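Take a look at the structure below.
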Amino acid sequence: MNPRDPRINGQRLKSTIEELARIGGTPGGGMHRLSLSDADKKARDLFVQWLREIDLEISIDEMGNIFGEKPGEKADLPMVLSGSHLDTQPFGGRFDGILGVTGALEALRVLRESRIETRRTVAIVNWTDEEGTRFPPAMLGSGVWAGRFDRDWAYSRPDVQGKKFGEELERIGYRGQAPARKRPVHAYFEYHIEQGPVLEKIGKRIGVPKGILGITWYDVWVEGKANQAGPTPMDARNDALVAAAEMVLKVNELPAKMGGNMVTTVGEIYNAPNSRNIIPDRVRFTVDIRSWDDSLKKRAAEGCPARMEVIWDIPHTVFDLNLVQRVEKTARQLGYSDHSMVSGAGHDAAYVNQVAPTAMIFVPSMGGRSHVEVENTAWEDCEAGANVLLHCLLESANE
Ligand code: GLV
Ligand code: MN
Ligand code: MN
């Protein structure tokens, strides 16, 4: 690649990420910016201000997805889109999702300051509620946009306090006018941290995912009989938490037992009445099952003795081969090492891929840690991945 070709301003990308990290930042150096919280509103306000500063055409849809467009010479052609999410886990990191939004922003800043015009419109997006921690399932914003969830169903989703997605969206002022409906997209690139240990371990800089594992989320309810912790003999108990504990161990044993490429997690548990001297009678816990093999994922839940509800189910994603090869080729042209892989983490790219050609770009996560406060990625890697994104966008936008 010609050294005079445009490049990302790594220093500006770093300070953009650092500025966002102050909104909802935790004392432990991480992020607590749940979807549609006050912190999410502040981050959105700042993001919109940044879009304005580079004269993008801004639109906000009914799901609060925020788009900024730089019109192409042929504005009627399907656009090239890139972005990710600004919401975070309860004690998450500074990069998950944020790198994809700020990387795309940086790419658009470079196009503007270098006065680079493109044939197609280039647009950026911040998807609403990617994490799904507060309002499950995950990726509600991109899921509605892609036509996979009903908008009003999404509005009715409650958080643990019973607050509804729609009300909270309205409250923070981000229930927009534009229909939350897919528009023609020529190519979607999502730039993200790997969130796993592979790239660091093998010493490669750019991860090129060929797809994403399928994911199923369940809620499981276990009922018992509450009673006094003292006088109730051990053989006269019906302890919901003990039953749930046995199930949690079984969930953990599933991947080894089924002999397949699968991971299982119980991450959330609610115990009632949650008093040290009452035998628990109501427990709810979550199960997250992921595999490239959708049938394996389905079989894993068969025979569960408790009441169970599927909260979310998304089959495995196979990205567009042309765009995957474009990511790989671009990384090589820029002189970065690359590695073909599969994403274990879910991304909005999974829903976008169902309606438009899609690919992702990964950079290494230090220590393979993510969804934790110490989540980190070297600034040079952030810059490298953003350069790959910039040139993938440019090539697609001039097709
Ligand atoms: C998304 O953050 C996921 O759970 O993989
Ligand atoms: Mn993410
Ligand atoms: Mn995440």
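Nothing in this text is a laboratory measurement; each read-out follows from the coordinates by a stated rule. Note that this is a predicted model, so its numbers are computed, not measured. Quick reminder, even Gly has a Cβ in these numbers, built from the backbone with ideal geometry, and neighbours come from all protein chains shown.
Could you list, bin by bin from short to long, the percent of Cα-Cα pairs of segment 182-341 in 5 Å steps?
All Cα pairs, binned at 5 Å, distribute as 2, 8, 14, 14, 13, 11, 10, 9, 7, 5, 4, 3, 2, 1, 0 percent.
Roughly what percent of Cα-Cα pairs across segment 42-177 reach past 22 Å?
Details: 3520 of 9180 pairs.
So the pairs more than 22 Å apart make up 38 percent of the total in segment 42-177.
On a 0 to 90 degree scale, rounded to 10, what angle separates helix 240-258 from the longest Cα axis of the chain?
With rounding to tens, the tilt is 50 degrees.
Compare the peptides 173-182, 230-239, 369-378, 122-131 by average per-residue count of other Cβ atoms within 10 angstrom and give them in order, highest first. Could you put the intermediate results ahead of the total?
Values: 173-182: 16.1, 230-239: 10.5, 369-378: 18.5, 122-131: 28.4.
Packing order, densest peptide first, comes out as 122-131, 369-378, 173-182, 230-239.
Taking the mean number of other Cβ atoms within 10 Å as a proxy for protection, how do you rank 349-361, 32-44 from highest to lowest? Numbers along the way, then the final one.
Working: 349-361: 24.8, 32-44: 21.5.
For the peptides 349-361, 32-44, the packing ranking is 349-361, 32-44.
Summing -39500 (n - 2.57) over the DSSP H runs of n ≥ 4 in the chain and dividing by its residue number, what mean residue ellipticity at 222 nm do you reach, to the nearest 500 deg cm²/dmol? Don't jump to the answer; show the numbers that get you there.
Working: 12 runs with 129 residues, N = 399.
Computed mean residue ellipticity for the chain: -9500 deg cm²/dmol.
Under the Karplus relation 6.51 cos²θ - 1.76 cosθ + 1.60, θ = phi - 60°, what is the ordered set of whole-Hz ³J(HN,Hα) values for segment 210-217, x standing for Gly and Pro?
8, x, 10, 4, x, 10, 10, 10
Can you give the relative contact order of the chain as a percent, counting alpha carbon pairs under 8 Å and 6+ residues apart? Walk me through the numbers before you get to the answer.
Details: 926 pairs, mean separation 94.5, N = 399.
Relative CO of the chain lands at 24 percent.
Give a quick list of GluC sites (Glu not before Pro) in segment 13-117 that DSSP marks as loop, anything other than H, G, I, E or B, with at most 13 other Cβ atoms within 10 Å.
Numbers: sites: 18, 19, 53, 57, 62, 69, 73, 106, 113, 117; in loops: 62, 73, 117.
Filter output for segment 13-117: 73, 117.
How many angstrom separate the Cα center of segment 217-278 from the Cα center of segment 137-205?
31 Å
So how do 85-96, 256-267 stack up, highest first, on mean other-Cβ count within 10 Å? Intermediate results must be reported in sequence, preceding the final value.
On the way: 85-96: 24.8, 256-267: 14.4.
Averaged packing, sorted descending, gives the order 85-96, 256-267.
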